[in-house]
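Contents: one structure, followed by commentary.
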Amino acid sequence: MASDIEIAQKATLQRITQVASDKLGIADEHLEPYGHYKAKLSLDYVDSLKDRPNGKLILVTAISPTPAGEGKTTTTVGLGDALNRIGKKALVCLREPSLGPVFGMKGGAAGGGHAQVVPMEDINLHFTGDFNAIQLANNLLAAMIDNHIHHGNELDIDVRRITWKRVLDMNDRALRDITCSLGGPGNGYPREDGFDIVVASEVMAIFCLATSIKDLKERLGNIVIGYTRQQKPVTARDLKAHGAMTVLLKDALKPNLVQTLENNPAILHGGPFANIAHGCNSVIATQTSLKLADYVVTEAGFGADLGAEKFIDIKCRKSGLRPDAVVLVATIRALKFHGGVDVKELNTENLEALEKGIANIERHVANIREHYGLPCVVSINNFTFDTPAELKLLQDRMAKHEVPVIVARHWAEGGKGAEDVARAVVEIVEKGQSGAAGFKFVYDESLPLMDKITAIATKIYGAAKVNASAKVAGEIKKLQDAGYGHYPVCVAKTQYSFSTNPNARGAPSGHTIDIREVRLAAGAEFIVMICGDVMTMPGLPKVPSAEKIDLGDDGKVVGLF
């Protein structure tokens, strides 16, 4: 079969103005086209929608990721196309891909097979320049910090206590820890510094949680960049950086409109990682989508223990959004991997390993229903290697939990292959089983920060306890005492396991969650707790995807995915 990029390049795309007009009723004057097939929606138009009723919000999440791949974005796109096929006005709402994984291990991130958003090359590369704007805004603040110190340090910033890092939208382990300002007095005061990837930047989190330009500017001003020698916080507002940062982001804040392979509308906007940030597209994009469609299909990054938890406890808490149903994506192959099978053996029937691996999906289903209070449908992303015996075993096990398990073939068939999943979702919503009424957070906002991380660890991860060194515990107490205790917690940890050990497959229980580092995100209004060995600046693998990406003599991109 053709590769994802070959399928995308053969697609017949409609002008984005036509998609906007025919599918969403958006007139040309409200669009800012970036070529023929992508456009931004004006913020004035977005604001004009506020009195319209909301559609239904469907959250797509997944089991714990594996090297076998689960196809969460592919399912999100396929479900959106399927809902349109069965007569519903549906819109797909996704994050923008980061160049780090595009050139690193993962490859493209716009769906796959016959369930993709297009133009695929543009989306996976520079797109509309949003990430570049976020990178520049972040690094402008970094430059102004060192410039302020160089020119007399009026704010008395302690160079040993600067917490703001520079960012780059690339995987580059060599930049994790650096020394800057070398070369003599003219280059400033040398100090230790480092880079994160753009999707881990607090500017990205702020961008995705802001509800307007005014809110964006206020949040940027609240960023704490470090502390004085008297250990008083210093903000971006103190440095008078937030105005210029807002200028750099003013166009990026407008949501991006593209289309699926079946010419249905999709909004892609923002893109924080879910293992090191909060893993959801922008609040503006989701709220706008709900005003434009009867059904909005969105996703939360990685597994339901990471992306979905942050979608619930951070995005929903701050925005008022409430999902009506959840679609949990899994594959037979991934479940066998969680049962202990080597990657090379996943295409062979193995009922014993599947039986063991089902514990992973059972934990995720229980979390969604018991701790998030939401109804759930399991979508099995079909592979030709799946056997009838394996599918029956999974369906029989999940039947005990009264959870629908539906085989979906959207990768091969497009929206047609996900119609059964779409009907199951509609049945939940239209029969009054919508999750909005039973929705709940994992923890109460008033709990102390340590109690919040403990609630996540014990309820969602199955951990026995949370451990923090005396230094880290002291930093958490300091944040609590400083008035940040009401903030939600954003856990940065490996996506591959419920534990902090990426090799612990299935549904490990009784483990300890070790907090390695704590970061204040005062503009985004959450506390990042880095657990285990997760990196906020990833590195490239031994054979990066970049080695396969090229430009053909005909001007077409090859090898992207």
**Item:** Accessible area in square angstrom per residue, region 403-561, 1.4 angstrom probe
**Value:** 46 Å²
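When Rg is the radius of gyration of the Cα atoms in the chain and Rh is its Kirkwood radius, what does Rg/Rh come to? It would help to have the intermediate numbers written out before the result.
On the way: Rg = 22.9 Å, Rh = 23.9 Å.
Using only Cα positions, Rg/Rh for the chain is 0.96.
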**Complete:** For Lys89, counting only aspartates and glutamates whose alpha-carbon sits under 13 Å away and dropping same-chain residues fewer than eight positions off, the answer is Asp22, Asp81, Asp294
**Message:** I'd like the Kirkwood hydrodynamic radius of region 166-323, using the inverse of the mean 1/r over distinct C-alpha pairs, in Å.
**Reply:** 17.7 Å
**Fill in**
Toy charge model, Lys and Arg Cβ at +1, Asp and Glu Cβ at -1: region 8-85 dipole around Cα centroid in debye, rounded to 20, equals 320 debye
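Quick check: with the 1.4 Å probe, what order do Glu192, Glu547 take by accessible area, largest first? Could you put the intermediate results ahead of the total?
On the way: Glu192 155, Glu547 125 Å².
Ranked list, largest accessible area first: Glu192, Glu547.
Pop the C-beta distance of Glu6 and Glu349 into the FRET formula with R0 = 30 Å and round what comes out to the nearest 0.05.
0.50
Taking a probe of 1.4 Å, how large is the accessible area per residue of region 232-387, in Å²?
Per residue, region 232-387 has 26 Å² of solvent-accessible surface.
Working from the alpha-carbon coordinates of region 34-130, get Rg over Rh, Rh being the Kirkwood radius.
On the way: Rg = 15.3 Å, Rh = 15.5 Å.
Using Cα coordinates only, the ratio equals 0.99.
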**Complete:** Of all DSSP beta bridges having both residues in the chain, the percent classed as antiparallel (nearest 5) is 45 percent
**Helical mean residue ellipticity (222 nm; -39500 (n - 2.57) per DSSP H run of 4+; nearest 500) of the chain** = -9000 deg cm²/dmol
**Item:** Peptides ranked, highest mean first, by Cβ atoms within 10 Å: ranges 279-288, 76-85, 231-240, 335-344
**Value:** 76-85, 279-288, 335-344, 231-240
**Item:** Å² of accessible area per residue within region 48-105, as computed with a 1.4 Å probe and no ligands counted
**Value:** 31 Å²
**Phi-based couplings in Hz for region 179-184 (Karplus 6.51, -1.76, 1.60; Gly and Pro marked x)** = 10, 10, 6, 6, x, x
**Request:** Among the aspartates and glutamates, select those whose C-alpha is under 16 Å from the C-alpha of Lys542, and discard any that sit fewer than 8 residues away in the same chain.
**Result:** Asp172
**Complete:** By the Cα gyration tensor axes a ≥ b ≥ c (a/c under 1.5 gives rounded; else a/b larger than b/c gives prolate, otherwise oblate), the shape of region 436-537 is oblate
**Prompt:** Ordering His126, His36 from largest to smallest accessible area (1.4 angstrom probe), what's the sequence?
**Reply:** His126, His36
**Prompt:** With each label point set 7 Å from Cα along the Cα-Cβ vector, what nm distance links Leu551 and Arg229?
**Reply:** 5.3 nm
**Complete:** Taking only C-alpha positions in region 484-561, Rg and Dmax in angstrom work out to 18.7, 57
**Prompt:** Mind ordering 535-544, 38-47 by average Cβ neighbours within 10 Å, highest first?
**Reply:** 38-47, 535-544
**Fill in**
Expected field for Glu309, accessible surface area in Å² at 1.4 Å probe radius, rounded to 10, holds 0 Å²
**Asked** Between Glu517 and Ser212, what length comes free when the chain is fully extended (0.36 nm per residue of separation minus the Cα-Cα distance, one decimal in nm)?
**Response** 106.7 nm
**Complete:** The summed charge of the Gly417 Cβ neighbourhood (under 12 Å; Lys/Arg +1, Asp/Glu -1) stands at -2
**Fill in**
Excluding residues fewer than 8 positions from Lys556 in its own chain, the lysines with Cα under 22 Å of it are Lys10, Lys38, Lys106, Lys548
**Message:** Leaving out ligands, DNA and RNA, and with a 1.4 Å probe, what % of the accessible surface on the chain is carbon or sulfur?
**Reply:** 50 percent
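Show me the ranking of peptides 414-423, 314-323, 11-20 by mean Cβ neighbours inside 10 Å, starting with the highest.
Working: 414-423: 22.7, 314-323: 19.6, 11-20: 16.9.
By packing density, highest mean first, the sequence is 414-423, 314-323, 11-20.
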**Complete:** Measuring from its Cα centre, region 169-243 shows a charge dipole (+1 at each Lys and Arg Cβ, -1 at each Asp and Glu Cβ) which, in debye to the nearest 20, is 340 debye
**Request:** Name the shape class, rounded, prolate or oblate, that the alpha-carbon gyration tensor gives for region 1-85, where a ≥ b ≥ c are the square roots of its eigenvalues, rounded holds for a/c under 1.5, and otherwise prolate holds if a/b is larger than b/c and oblate otherwise.
**Result:** oblate
**Request:** Subtract the Cα-Cα distance of Ala244 and Thr384 from 0.36 nm times their separation in residues, and report this length gain in nm to one decimal.
**Result:** 45.1 nm
**Prompt:** With charges only on Cβ, +1 for K and R and -1 for D and E, what is the dipole size of the chain about its Cα centre, in debye, rounded to 20?
**Reply:** 980 debye
**Message:** For a quick check: with amide H placed at 1.01 Å from N, whose amide H comes under 5 Å from Lys165's, ignoring anything fewer than 5 positions away on the same chain?
**Reply:** none
**Fill in**
Of the DSSP H helices in the chain, the ones reaching 15 Å or more along their long axis in Cα terms and averaging at least -1.0 in Kyte-Doolittle hydropathy are 72-85, 130-150, 351-366, 388-399, 419-430
**Complete:** Checked region 341-494 against the a/c 1.5 cut and the a/b vs b/c comparison, axes a ≥ b ≥ c from its Cα gyration tensor; verdict prolate
**Asked** For region 332-380, taking Cα atoms only, what is the radius of gyration to one decimal and the Dmax to the nearest whole Å?
**Response** 12.4, 37
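The values are calculated or read from the model by the stated rules, or taken from the named source; none is laboratory data. It should be emphasised that the depicted structure is a prediction, and the values quoted were computed from it without experimental measurement. Note: ideal-geometry Cβ built from the backbone for every residue, glycine included; neighbour counts use all protein chains shown. The accessibility values were calculated without ligands, DNA or RNA, using every heavy atom of the protein model including side chains. Shrake-Rupley method; radii C 1.70, N 1.55, O 1.52, S 1.80 Å.
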